[in-house]
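Written below as structure tokens is the structure these notes are about.
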Amino acid sequence: MNPSEMRIADPDVSRVANEADILDELLSLPGANVLELGCGKADKTRLLAHTAASVLALEVDRIQLARNQAADKPDNVRFEYGGAENIPAADASFDIVLMFKSLHHVPVELMDDTFSEIRRVLKPGGVAYISEPVYAGDFNEILRMFHDEKTVREAAFAAEVNAVSTRRLSLLKQTFFLQPMHFEDFSQFENQVLKVTHTEHKLSPELVDAVRAKFSEHMAPGGANFHMPIRVDLFRREPA
């Protein structure tokens, strides 16, 4: 796919899916040595470990990293400190590199370095799977009230396009889908979104009330449901 054909969003996307299903469709994990950049709470890490030969999961949030290292984990998983722009691994170490909604958290001035590093640590013929939230939808309307990510998400996409334009990686496929999200109540939203350790959200009481009111528009007897639009870009390091 040419860089000019890459799309940051698909306004007509209608497929509802969990990302685990997308992973199964796009990747062959059995026997693979996998690197996950920005693993967060490591939910996907543990999923990958079911089939991958090994998973190195890196995280720069030291609070979350300590929690991951203290928790029980599969024998084929290692949790270590490291950023995507400076990966602590040897050249051509991995079959697959993954970033789940974490590229836009990399400082903008380091995003290009991230793709140079991904290319460096991938084996020739290896693939990079990068999923990013699309700036659209009801959930995004709530999020941007206190944490507007429009600029950094656009910068992340621009870095992807640049990686293809400079032939560090080739783009195999773009996939768009709607990821279902459920919150029992505003308290769960507050704990999972407002109080994350990787970003310090400082909201005034008035803004918290406004966010609560906006969230409440989506509350039903069973809780609040959203569909977050997601873009997955699948890259490959071409053999020499």
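The values are calculated or read from the model by the stated rules, or taken from the named source; none is laboratory data. Predicted, not measured: the structure shown is a model, and the values here were computed from it. Cβ: placed from backbone, ideal geometry, glycine included. Neighbour counts: every protein chain shown. Heads up: the accessible areas ignore ligands, DNA and RNA and are worked out on the full protein's heavy atoms, side chains in. Shrake-Rupley method; radii C 1.70, N 1.55, O 1.52, S 1.80 Å.
Conditions (1) basic (Lys, Arg); (2) open to solvent by less than 50 Å² (accessible area, probe 1.4 Å); (3) closer than 16 Å to residue 108 by Cβ; (4) more than 16 Å from the chain's Cα centre (by Cα), marked per residue:
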{"site": "140", "(1), (2), (3), (4)": "no, yes, no, no"}
{"site": "148", "(1), (2), (3), (4)": "no, no, yes, yes"}
{"site": "153", "(1), (2), (3), (4)": "yes, yes, yes, no"}
{"site": "157", "(1), (2), (3), (4)": "no, yes, yes, no"}
{"site": "169", "(1), (2), (3), (4)": "no, yes, no, yes"}
{"site": "174", "(1), (2), (3), (4)": "no, yes, no, no"}
{"site": "181", "(1), (2), (3), (4)": "no, yes, no, no"}
{"site": "189", "(1), (2), (3), (4)": "no, yes, no, yes"}
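Could you list, ordered by first residue, the pairs with Cβ atoms under 7 Å in which the first is in the range 54-78 and over 17 Å from residue 100 (Cα atoms) and touching a residue at least 40 places away in the same chain (Cβ under 8 Å) and the second is open to solvent by 40 Å² or more (accessible area, probe 1.4 Å) and part of a loop (DSSP other than H, G, I, E, B), at least 6 apart or interchain?
63/197
Return the residue satisfying two criteria in turn: it lies in the range 75-117 and is of a type in the set (A, V, I, L, M) and out of contact with any strand residue (DSSP E or B) (no Cβ under 9 Å at 6 or more places or on another chain), and of such residues it is nearest to residue 48 (Cα to Cα).
Taking the candidates together, the pick is 90.
Could you count how many residues in the range 44-63 are open to solvent by less than 20 Å² (accessible area, probe 1.4 Å), in a strand (DSSP E or B) and not β-branched (Val, Ile, Thr)?
Residues that pass the stated criteria total 4.
How many residues, within the range 86-101, are surrounded by fewer than 19 Cβ atoms within 10 Å (Cβ to Cβ) and either assigned to a strand (DSSP E or B) or on the phi < 0 side of the Ramachandran plot (or both)?
6
For residue 240, only one of the following conditions fails: (1) at pLDDT below 95; (2) in contact with a Pro (Cβ under 8 Å, 6 or more places away or on another chain); (3) of a type in the set (A, V, I, L, M, F, W, C); (4) assigned to a helix (DSSP H, G or I). What is its number?
The number of the failed condition is (4).
Look through the range 25-43, keep the residues that are part of a helix (DSSP H, G or I) and at pLDDT 95 or above, and return whichever of them is surrounded by the fewest Cβ atoms within 10 Å (Cβ to Cβ).
Step by step, filter the range 25-43, then rank; the result is 25.
Show the residue pairs that are 6+ apart or on different chains and have beta-carbon atoms under 9 Å apart, the first residue being within the range 205-222 and farther than 20 Å from residue 195 by Cα and touching a residue at least 60 places away in the same chain (Cβ under 8 Å), the second being open to solvent by 60 Å² or more (accessible area, probe 1.4 Å) and part of a helix (DSSP H, G or I).
Cβ pairs passing all conditions: 218/138.
Checking the condition among the charged types (D, E, K, R) and without any contact (Cβ under 8 Å) to a residue 40 or more places away in the chain, which residue from 149, 190 passes?
190
From the list 151, 175, which one is over 16 Å from residue 236 (Cα atoms) and of a type outside the set (A, V, I, L, M, F, W, C)?
The unique qualifying residue is 151.
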